Amino acid sequence: MSCWGFFKHAVRAVLPALAGLLLAATSAHAADEYLDPDKAFRLSARALDATHIELRFDIAPGYYLYHERLNAQVAPVELKLAELRVPKGKIKYDETFEKDVEYFRDAVTLVAVLKEAPTGPFKLSVGNQGCADKGLCYSPQTRAFQIEPGHGPGGTPRFTLLSEAQAADWSQTTLVAANLSSTLSAAMSSATLQVGAAASPEDAGEVSKALRSGNTALVIGLFMLLGLGLAFTPCVLPMMPILSSIIVGRGGPVSKERGFSLAVAYSLGMALVYTAFGVASALAGEGLGAALQNVWVLGGFALVLAIFSLSMFGVYELQMPASLQNRLTQASQGFKGGQHVGVFAMGGISSLIVGPCVAAPLAGALVYISQTRDVVLGGTALFSMAVGMSVPLLLLGLSAGALLPRAGGWMTHVKHGFGVMLLAVAVWMVAPVLPMPVVMLLTAGLLVVAAFCLGAFKALPKPAQPLRKVAKGLGLLLGVFAVAQVVGAASGGRDLARPLAHLGSAPQHAAVPGLKFQAIASLAELDEVVRTSTRPVMLDFYADWCVACKEFEKFTFTDAAVRQKMAGLTLLRVDVTANNENDKALLRKYTLFGPPAMLFFAPAGGELPGSRVIGFQDARTFGAHLDRVQP
């Protein structure tokens, strides 16, 4: 054999092994190239004076911190944190979550302000969450300092950074948070809902901050303004014609005094229910905000709104059942006004209906009450919010119907508009818990109703007014979009804004079976599933707050070729959204900082060397990776 022949055979024999080693090294590097969170976000602290503590995050290049995830707590509970001063960050639009997010790069300095100077040692906990530009999102982190006034050099406070176990030991106790936005997000996501379009988690943080101030006048004023603002949201505004028909539509002329007294009765019904929420929360020792986001409760609210919307389309006339009205009348014989009890009851029912739309401010108050057991201040806040929400109705009652527009043909269109708004709110409420195809079909139905109300399916009179022509044109556009929603849902589309986009990018997508991930909650469960699997296993680490995870769902897993390759795998998923002890144990087991991360295991065997995927990959890159890890 010539030297050249020997060299060729040697290359053929050695090259595959070298390639395998290179692949393993590359994958190992990919897993190791992300910094430990303590190094990516270095935290230091120093005392500015007896009540002001400076907290500085030095952020490594290529990493960033979320503004809304910064929070602080102090212990013991006797020590109060007045506020956490956080500077303004940079704003960018996040296409995955479809909202503006505020973030920090390089460094950010916070100031924790204590209400009074501590007389002894205390603990300060700082929470944060950040991501790497390359696609990794870290789990929420909490670090804590033991601070001993007067024990440092020159009589300055001594700061001792506690271990993760020490920090977790006391941070789970009942503390007053300096910023409750993270707590509220966790409470809402635990119910698998994020019903914050009308009032965001940031609003809830401001609500809890006002409550913590303890200033009763400030609390009353803020919550009345908050309630007044909520009265004009798409959730509450459509209730106005319904409620006005109950109050002023009692037959015969209504005096201003009677109209106002009925409006007051209705408002007190709302206020009583909200105040009861606060008292129950204090007595139970835990917030009820998440309970208001229960799937079945939301479904009931949506159904009631849909039924109410029918009255706006003239299907029936909204009034209390005669039998119930008679009973309430008999029960209230001894009270002046007779029917005020019935209106009072309707106020209480209405407060339950609009509850999900005011979830963030309501949750902010309830979380505070559950932590401090301050029934008086929390109840006052909720009562004030209900009063603010009732202001337009009180004015309506005081006018004895004078503020209501005079009857006319145009009023029918206004009622139809309110009906469409009620249906839209009903769809919006249940959308987070329904499969996307169902949401698209419901949206299509909503668009058809709106198109019909705009006259899309009616011939224009001659001559037609310009406004009618515009309305008909808009209705036709809505009708076309409704058809697109139906076609998109039937063909595998999953995007409300672009229901047909998948047809152009992946025409064979509809023929590919859907991906089904088996949820894994513990190490024991994972070991059992891997041991008994007859196919290669892919383990996906996922979280609701993980941007790159959403990108995988939206851009990679929707690719037909990728889905076809994944069909031959046993798909497992660990949802670390809650970041509980089981989640942390699974992350530690595989030395992961957070999602997204995908691990591959041989059938009934161990993890495949060099097969990990850390951070986001597009469909082409991930598809090529699947080709390498599958036999």
Subset of region 52-69 [surrounded by 15 or more Cβ atoms within 10 Å (Cβ to Cβ) and assigned to a loop (DSSP other than H, G, I, E, B)]:
Ala60
Please pick out the residue among Ala560, Ala578 that is modelled with pLDDT under 90, touching a helix residue (DSSP H, G or I) at 6+ places or on another chain (Cβ under 6 Å) and either surrounded by fewer than 20 Cβ atoms within 10 Å (Cβ to Cβ) or closer than 30 Å to Gly493 by Cβ (or both).
Ala560
For region 104-123, which positions are within 27 Å of the chain's Cα centre (by Cα) and either buried (at least 21 other Cβ atoms within 10 Å of the Cβ) or modelled with pLDDT under 90 (or both)?
Phe104, Val108, Leu110, Ala112
Count, please, the residues in region 121-144 that happen to be touching an Asp or Glu at 6+ places or on another chain (Cβ under 6 Å) and of a type in the set (Gly, Ala, Ser).
0
Answer residue from region 63-83, given it is of a type outside the set (Asp, Glu) and more than 22 Å from Lys115 (Cα to Cα) and is modelled with the lowest pLDDT among those
Arg69
When the residues of region 456-480 are narrowed to those that are of a type outside the set (A, V, I, L, M) and either buried (at least 17 other Cβ atoms within 10 Å of the Cβ) or in contact (Cβ under 8 Å) with a residue 60 or more places away in the chain (or both), which ends up farthest from Leu434 (Cα to Cα)?
Lys472
So, first residue modelled with pLDDT of 90 or more in region 512-537, second residue of a type in the set (Lys, Arg) and in a loop (DSSP other than H, G, I, E, B), Cβ within less than 9 Å, six or more apart or across chains; the pairs are none
I'd like the full set of residues that are crowded, with 19+ Cβ neighbours inside 10 Å and either within 13 Å of Asp495 (Cα to Cα) or among the hydrophobic types (A, V, I, L, M, F, W, C) (or both), limited to region 412-423.
Phe418, Val420, Met421, Leu422, Leu423
Would you say Val295 is under 26 Å from the mean Cα position of the chain (by Cα), among the hydrophobic types (A, V, I, L, M, F, W, C) and at pLDDT below 75?
yes
Counted residues, region 594-616 - those being of a type in the set (D, E, K, R) and surrounded by 16 or more Cβ atoms within 10 Å (Cβ to Cβ):
1
For a quick check of your reading of the model, give me the residue pairs whose first member lies in region 26-49 and is within 13 Å of Val111 (Cα to Cα) and among the basic types (Lys, Arg), whose second is surrounded by 17 or more Cβ atoms within 10 Å (Cβ to Cβ) and modelled with pLDDT of 75 or more, with beta-carbon atoms closer than 9 Å and at least 6 apart or on different chains.
Arg46/Ile53; Arg46/Leu55; Arg46/Pro157; Arg46/Phe159
Yes or no: Thr556 within 25 Å of Tyr34 (Cβ to Cβ), polar (S, T, N, Q) and more than 22 Å from the chain's Cα centre (by Cα)?
yes
Return the residues of region 558-582 that are out of contact with any strand residue (DSSP E or B) (no Cβ under 8 Å at 6 or more places or on another chain) and of a type in the set (Asp, Glu); say none if nothing qualifies.
Asp559, Glu581
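The values are calculated or read from the model by the stated rules, or taken from the named source; none is laboratory data. Every value quoted in this text rests on a predicted model; they were computed, and no experiment measured them. Virtual Cβ from ideal backbone geometry, glycine too; neighbours counted across all protein chains shown.
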